[in-house]
Amino acid sequence: MAENQPGRACEFADPSIPLRDRKATCLPGEQQPWIISQDAPPVTLMVNSPFGKSVEPFDCLGLDMTLRSRELLHYFHNSHDSADLVLSKASRNIFSSVAQHPDALRDTLLVAGLHYAWTVGDLETYNPTFLFHKVSTIQVLNRWLQNIHQPGLMTFIRHVSILCFIEASYGNVHDTEAHINGLVNAVHLLSPLDDDFGHRSEIEEELANRYLLLTYYAYQGFKARILGSDSLQNLFRQNNTAEFSTFVSQIYLWKTQNIGHLEMRLNAMKLLPFFFAALPSSTQFHSIDASPLIDCLKHVTTSTQTVREDRYKCDPSWEWIEGSDSRLLCATIGSHFSSLFHDDMFSSAHSSKYSTSWSGMCAASSLYMHSVLELWNGGKAIDARLLRRFLSILSRDLSQSVSTLGLNDSTDFWLWRAFLGEYSIAKQQANNDDPLLDGLQRAFTGYWRGPLL
């Protein structure tokens, strides 16, 4: 290199190839010319995404995906087995439907954080992510509460329902109670129990009632588990709240003893975002085959009788060890998806025998667990507003199917539901007379007595 002198430009000698590399260099004629193969397709680097062909679809959704949100979402997507029977019924990528709505995506991330914490027993890894989206959800709710007449009531109902699941599963039963009360009020705004209730068929009203039915079912089942275990009662003795790490440690201890059916409840948890996802306005709800739910109720009944006969003393109680309640929860969620996708489920006589609406069967299950088995709410009377709603849903189901009596072998199932409704009313009235139940009581009396005359 030449000296760098004033007034003279820098000059660099031509680069030379080192001897070692010169020996490796091909001689003229030995080097293959550069050509572009016409047969080789262009290669594009793509990142696998649960949301279809887009590499990162989140940036256009108006949802802040910071704090490892994408990582958490991909974990949740990968937790779903391609052989999942319920999700396989969907005619399109069910994750795509969630991705189209920022609010649904936020709910999905909350459930994903919960699923990870319960699966791994680790609250810290995604705790900042979880708290970020939880606070964002609460902000959405508070903005709507400033003016309850503005649009967004269904979004409010979905968010509150998810928060009920989240708080209870994290051990905050006290906060869940407040969310349940808010959910009941919100559903009553969207679906008032007036004289026209049995004749309306709007999709949002049906979904709102389904959200309340499932959320309340899961909440009461969770409380019943606590009451059925001395260990859990000890954990939740302080303001009805438990430390999550201690709570999960107890659950995993039971898992090693084949108690509690944790895997089954984790599988049900994975379906929650899709249960609460918005549906097209053209959606039609079909009748379900309630036989799996009936079988679960039979097993719960047997387990409860076993406990009351004092054959076994164990912690938790036998009905929770046996697992019928977990199976019933999974069957309830799965049958919701069956009601969305019409198939040949009623090809057998056994299936048509237990044909009913999803909401009607879920209401009947709740009344049975409350009034007959007394597993829920410690045997105490059910909230009057919820009782009227469950009875109204069941009454609508019975009135819509009364014309089919005698046409097949479903009469016994129909009469059982009618008698269950009247029994639930009579039990409630014996504790606290409610004039608002008089009309429903006359209706249910007519249901089960009429066909027998």
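Summary table
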quantity	calculated
D195-Q100 FRET efficiency (beta carbon distance; Förster radius 30 Å; 0.05 resolution)	0.25
Förster radius 35 Å - calculated FRET efficiency between E177 and N408, Cβ distance, rounded to 0.05	0.25
Which listed pairs, of K270/K353; K255/K427; K298/K427; K255/K313, have C-alpha distances above 27 Å, in listed order	K270/K353; K255/K427
Y252-D433 pseudo-label distance in nm [points 7 Å out on the Cα-to-Cβ vector]	5.6
Approximate spin-label separation W416-R442, in nm, with each point projected 7 Å along Cα-to-Cβ	3.0
Nonlocal amide H pairs with S355, under 5 Å, H built at 1.01 Å	A290
Theoretical FRET efficiency, 1/(1+(r/R0)^6), r = Cβ-Cβ of R68 and L145, R0 22 Å, to 0.05	0.15
Built amide H within the under 5 Å cut-off of F276, gap 5+	none
Estimated inter-spin distance, Q238 and A384, nm [label 7 Å along Cα→Cβ]	3.7
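Values quoted throughout were computed directly from the atomic coordinates according to the rules given, and no laboratory measurement underlies them. Remember, it's a predicted structure, so these values are computed and weren't measured experimentally. Please note: Cβ atoms are built from the backbone with ideal geometry, for glycine as well, and neighbour counts cover all protein chains shown.
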